[in-house]
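Trainee: If you scroll down you'll find the structure; I have some questions about it.
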Amino acid sequence: MTYDPVAYWRERGETYEAKFVAEAYRDQEAALLDLVRALPVTGLSVLEVGCGFGRIGALIEGLSPEVEYTGVDLSPAMLESARPRIRGELVESSILDFQAHGRKWDVVLAVEVLMHIPPDELAPTVRKLLRLTGGHLVTVDWTTPLPRKRTAAHNFLHDYSVLADVTVPALGWPTPRTVERIPVGLQTIHHLVRP
């Protein structure tokens with residue numbers, strides 16, 4: 001069976017939150033919040049792609065009442081679960097189909113999203129994320145191979161050097177770019193700052 005991200009996540013979104021083990025993600029959440037708190041931005045605007053049931057969005061909004069948060073997810077069930085947690089805007093869309101209408105956000109977050117993007121869609125997805133941010137792109141993804149464990153069809157262990165190498169000439173993002181890498185367990189937080 002071929003992996004279709006839209007179909008997969010619309011179906012999985014129905015049960016994802018109920019099966020989620022929150023304790024396993026505390027270190028990831030703490031590292032993300034430390035990074036966002038340290039950003040030199042007042043009145044922060046944040047776009048989270050793949051916002052799921054609002055786990056990260058609620059934490060980001062909790063940093064300050066001035067945070068302007070927008071969450072995007074392709075699962076209607078996940079967005080419905082997020083609504084009670086999120087005061088900001090929630091949009092049903094895939095990343096590549098998302099219409100920003102020229103808007104940019106101070107921070108674009110993609111937490112455990114790129115690892116679910118098929119390899120042939122990774123570079124276009126990164127280009128889209130870079131177009132959406134006016135300042136910072138922060139991604140969190142699985143980067144360490146799992147010994148003796150088979151990878152699920154919806155998980156890809158990408159070469160994340162694409163974050164530094166993908167070309168977006170119209171935006172003036174130079175290549176290669178500097179990417180801060182923060183290891184968190186089997187994952188890595190990648191932080192790019194717009195020049």
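Trainee: What's the number of the condition G71 fails, among (1) surrounded by fewer than 18 Cβ atoms within 10 Å (Cβ to Cβ); (2) farther than 15 Å from R194 by Cβ?
Mentor: Unmet for G71, out of (1) surrounded by fewer than 18 Cβ atoms within 10 Å (Cβ to Cβ); (2) farther than 15 Å from R194 by Cβ: (1).
Trainee: Conditions: (1) open to solvent by 30 Å² or more (accessible area, probe 1.4 Å); (2) part of a helix (DSSP H, G or I); (3) of a type outside the set (G, A, S); (4) in contact with a strand residue (DSSP E or B) (Cβ under 6 Å, 6 or more places away or on another chain). D120 meets all but one. Number of the miss?
Mentor: Every listed condition holds for D120 apart from (4).
Trainee: Right, next: Pairs needed: first member in region 85-111, touching a residue at least 12 places away in the same chain (Cβ under 8 Å); second member anywhere, in a strand (DSSP E or B) and open to solvent by 80 Å² or more (accessible area, probe 1.4 Å); C-beta distance under 8 Å; at least 6 residues apart or different chains.
Mentor: Cβ pairs passing all conditions: G88/E68.
Trainee: Which members of region 24-76 meet the condition of being part of a strand (DSSP E or B) and within 14 Å of the chain's Cα centre (by Cα)?
Mentor: V46, L47, E48, V49, Y69, T70, G71, V72, D73
Trainee: Can you tell me which residues in region 1-23 are touching a residue at least 60 places away in the same chain (Cβ under 8 Å), more than 17 Å from the chain's Cα centre (by Cα) and assigned to a loop (DSSP other than H, G, I, E, B)?
Mentor: Selection gives M1, Y3, E14.
Trainee: Give just the number: which of (1) in a strand (DSSP E or B); (2) open to solvent by less than 30 Å² (accessible area, probe 1.4 Å) does L130 not satisfy?
Mentor: Unmet condition: (1).
Trainee: Starting from residues that are outside any loop (DSSP other than H, G, I, E, B) and touching a strand residue (DSSP E or B) at 6+ places or on another chain (Cβ under 6 Å), keep the ones in region 83-108 and report whichever is surrounded by the most Cβ atoms within 10 Å (Cβ to Cβ).
Mentor: The residue in question is V108.
Trainee: Show the residue pairs meeting these rules: Cβ distance below 7 Å; 6+ apart or different chains; first residue within region 124-147 and touching a residue at least 24 places away in the same chain (Cβ under 8 Å); second residue in a helix (DSSP H, G or I) and open to solvent by 10 Å² or more (accessible area, probe 1.4 Å).
Mentor: Going by the 7 Å Cβ cut-off, the qualifying pairs are V126/V162; L130/L171; R131/L171; V138/L35; D141/M115; W142/M115.
The values are calculated or read from the model by the stated rules, or taken from the named source; none is laboratory data. Model, not experiment: these values are computed from the prediction. Neighbour counts are summed over all protein chains in view; Cβ atoms, including those assigned to glycine, are modelled from backbone coordinates with ideal geometry. For the accessible areas, the whole protein counts, side chains as well, though only heavy atoms, and no ligand, DNA or RNA atoms are used. Shrake-Rupley method; radii C 1.70, N 1.55, O 1.52, S 1.80 Å.
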